[in-house]
1. Condition (residue is more than 26 Å from residue B:98 (Cα to Cα), away from chain A (no Cβ under 14 Å), open to solvent by 10 Å² or more (accessible area, probe 1.4 Å) and at pLDDT below 85) applied to segment B:253-276: is it met by at least one residue?
2. How about segment A:127-159: which of its residues are under 22 Å from residue B:37 (Cα atoms) and within 7 Å of chain B (Cβ to nearest Cβ)?
3. Quick one: in segment A:267-304, which of the residues that are touching a Ser or Thr at 6+ places or on another chain (Cβ under 7 Å) and modelled with pLDDT under 80 is farthest from residue A:320 (Cα to Cα)?
4. Any idea which of (1) over 20 Å from residue B:263 (Cα atoms); (2) away from chain A (no Cβ under 14 Å); (3) open to solvent by 30 Å² or more (accessible area, probe 1.4 Å) is the one residue B:181 doesn't satisfy?
5. Any residue in segment A:78-89 that is farther than 15 Å from residue A:187 by Cα and in contact (Cβ under 8 Å) with a residue 24 or more places away in the chain sitting within a Cβ distance under 7 Å of a residue that is open to solvent by 50 Å² or more (accessible area, probe 1.4 Å) and of a type outside the set (S, T, N, Q)? List the pairs, counting only those 6 or more apart or interchain.
6. If I ask for residues that are more than 14 Å from chain B (Cβ to nearest Cβ) and open to solvent by 30 Å² or more (accessible area, probe 1.4 Å), which ones from segment A:66-104 would you list?
7. Across segment A:317-341, which residue is farthest from residue A:355 (Cα to Cα) among those that are in contact with a Leu (Cβ under 9 Å, 6 or more places away or on another chain) and modelled with pLDDT under 85?
8. Can you find even one residue in segment B:45-65 that is outside any helix (DSSP H, G or I), open to solvent by less than 60 Å² (accessible area, probe 1.4 Å) and in contact with a Phe, Trp or Tyr (Cβ under 9 Å, 6 or more places away or on another chain)?
Amino acid sequence: MKNDAIISVENLGKKYRISHQAERQRYTALRDVLANKVKGLFQNRKSEIENQKSVEDFWALQDVSFEVKRGEVVGIIGRNGAGKSTLLKILSRITEPSTGRVDLRGRVASLLEVGTGFHPELTGRENVFLNGAILGMSRAEIRRKFDEIVAFAEVEKFLDTPVKRYSSGMYVRLAFAVAAHLEPEILIVDEVLAVGDAQFQKKCLGKMQDVSKGGRTVLFVSHNMVAVQTLCHRALWLRDGKLIADRDVAPVVADYLRGFHGQDDIQQWDDPKTAPGNDALRIRSVRLIPETSGDDNLISMQTPFRIETEFWVLDASRQLHFTYHLLNDQGITVLTTGFPMQVHPVGHHKAVCHLPGNLLNSGGYSLKLLVVENGNKVTYIRESIASFTVVDIAERKGSWMGREPSVVRPILNWNVETLKTNSSSTHN
Amino acid sequence: MHLILEPGRAEKNYWRDLWRYRELFIILAWRDITVRYKQTVIGVVWAVIRPLLTTIVFTVVFSKIAKLSAPGAIPYALLVMAANLPWQFFATAMSESSNSLIGNANLISKIYFPRLIIPVGSVITSFVDFLITLGLMAALMIWFQFVPDWRLFLLPAFMILAFASAFGIGLWLCALNVEYRDFRYIVPFIVQFGFFLSPVGFSTTRVPEHWLWHGFDIPARLIYSLNPMVGVIEGFRWSLLRGESSFQVSALSISVFVTVVLCASGIWYFRKMERTFADVI
């Protein structure tokens, strides 16, 4: 064989037709088709041509080429609608490509959803066989792994109960257990980690890690960048149906996150007359500046950053007190800070506050500004004067790849000392 | 194993794939049958009650009220039941398979398999109902102390014909159902329409061989046989009822021909539409 690529994709494209007529429907109704035909009888041909024009081609994937070697674990990232799902659907043969060619040199199993084809009326045992067959296992294979699957799912007691009586946790566990015991040469996984509770996600990721270490070729689509970075060595980044990056996972993910969060942290007003504020004070800008050696403006959990506020004081006789509320994306005020009441002369000022790294958890944050006058009157409030995202780029790798549920993420030291041992080793 | 995906490529490996996915086919058919009789406690009872009640009603309406008589010495109820047997199967298979693709939309949009498996599976599920009804037919024959003769052994041939015609129409309906989502409102109408066009409650001999219309000689019986169920029903009657019911080779061949055309065109249309199922379902 000329190359050892297990998957080679050349100039792959997928075209969908989008109709702009009326509201976009996913399917056509015979009623409408007939109505249009009848309408066509009474209209001249010109309008018919216009009708055809309103159908437009949409390329969900365009000119995508890449190769995957045997045993590689490749992450596929991109925003919603970038073509990730279309790519997986083509690779798992659910839909045909419009252009290009794919060579698959191995058995493919795709896991686009946990529990595909589970039937609520059937028992757990029956569903294992059904789901296994749907995922491409032979009956002999399922029989051989049956006990292992059941043990992994922890549902021994409920094997002969219809799954409609299962709790949602049991249901998902059983479904994942079947999928986890697939042994194809190429495994295609899409967002399966988005289901279940934190505990279960942990287990799924652990299993995924085993799979990827077992020499299997895996294509992994996820929005969980930490999982992608931990599991994959290489990443493909799709944007608007095109492949825009294909190399080591770390730089691709960093670029991707930067594209996501780069722009939303700068607001600036240059004209004191129109800038937000009141007759005593106008805000020029509130910026968040990461204090890293690199020149990118990515704030990770480890990055110290500063809040810089520039403002104009228009009336020096009033005592102003700036207060900042830092809110996370659940609306919880993580911290408040501000600078003390003092008299600023009329003019242009800048206030800087340093925030240490290893403080905030990953997620979206917004900054709310309050200006209090003379210690008792709020003269100015602005919600979300700046917003930013703290990303987790897996600098602190643990066994757990999900997001911790905590509000803050300081690094704390633990001292563990042994006070007394009871084991026989004390005799040595 | 080396697999190449290209536009139009799936066509070439179609029949080989169908064989490769036989296990999935078996397990999906098994699922449908299990669920069918599990979901309703009266699942089996239902398969018996429906043909039984229609047989009783038809016997009363056509024999007692319309005063039609069965050819030979056949009890009228047996004449009706012998027709009900394939008709019920045909009607169930037709409506089940027309909904089968929509009902399995989650599978179709998530995994690959030759989609033909789904409508075939639903025709097979309906066939289980048919076997139950066949038991009912046997019970009725014992009740009337009616003993069939050697013609009974030709029944499987007519079962195959019934199966093929249901399959052909089912393919058309299920593919149209995906393409035009309001098509399902038309299906019950087709079933009802087909019922009145099929000789369930009466013998085909009631349809005149020739019909004079404004001086034209119209071969009414042959035109009637364009309905594939005419050949199937008369075949069932012939083989179950000692050949006392009429049986025309010309009518049967027309029905067989129509069935073959239905199946071939059904497969053609289904495969033409199949490629886009995952995109539109």
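1. Initially, segment B:253-276 is screened for residues more than 26 Å from residue B:98 (Cα to Cα), giving B:253.
Narrowing further to those that are away from chain A (no Cβ under 14 Å): B:253.
With open to solvent by 10 Å² or more (accessible area, probe 1.4 Å) added as a condition, the list becomes B:253.
This time we only want the ones that are at pLDDT below 85, so: none.
No; the residues of segment B:253-276 include none that is more than 26 Å from residue B:98 (Cα to Cα), away from chain A (no Cβ under 14 Å), open to solvent by 10 Å² or more (accessible area, probe 1.4 Å) and at pLDDT below 85.
2. Our first condition is that a residue be under 22 Å from residue B:37 (Cα atoms); within segment A:127-159, this holds for A:127-131, A:133-134, A:158-159.
The answer is A:129, A:130, A:133, A:134.
3. A:292
4. (2)
5. From segment A:78-89, the pairs are A:78/A:239; A:82/A:239; A:82/A:240.
6. A:67, A:69, A:72, A:79, A:80, A:81
7. At the first step, the residues of segment A:317-341 found to be in contact with a Leu (Cβ under 9 Å, 6 or more places away or on another chain) are A:318, A:320-328, A:333-338, A:341.
Now restrict to residues that are modelled with pLDDT under 85: A:318, A:320, A:328, A:341.
On the way: A:318: 28, A:320: 22, A:328: 15, A:341: 21 Å.
Residue satisfying both the conditions and the ranking: A:318.
8. Taking segment B:45-65 as the starting set, the residues that turn out to be outside any helix (DSSP H, G or I) are none.
No, segment B:45-65 contains no residue that is outside any helix (DSSP H, G or I), open to solvent by less than 60 Å² (accessible area, probe 1.4 Å) and in contact with a Phe, Trp or Tyr (Cβ under 9 Å, 6 or more places away or on another chain).
The values are calculated or read from the model by the stated rules, or taken from the named source; none is laboratory data. Quick caveat, the model's predicted, so the values are computed rather than measured. With ideal geometry, Cβ positions are generated from the backbone for all residues, glycine too; neighbour counts draw on all protein chains shown. Heads up: the accessible areas ignore ligands, DNA and RNA and are worked out on the full protein's heavy atoms, side chains in. Shrake-Rupley method; radii C 1.70, N 1.55, O 1.52, S 1.80 Å.
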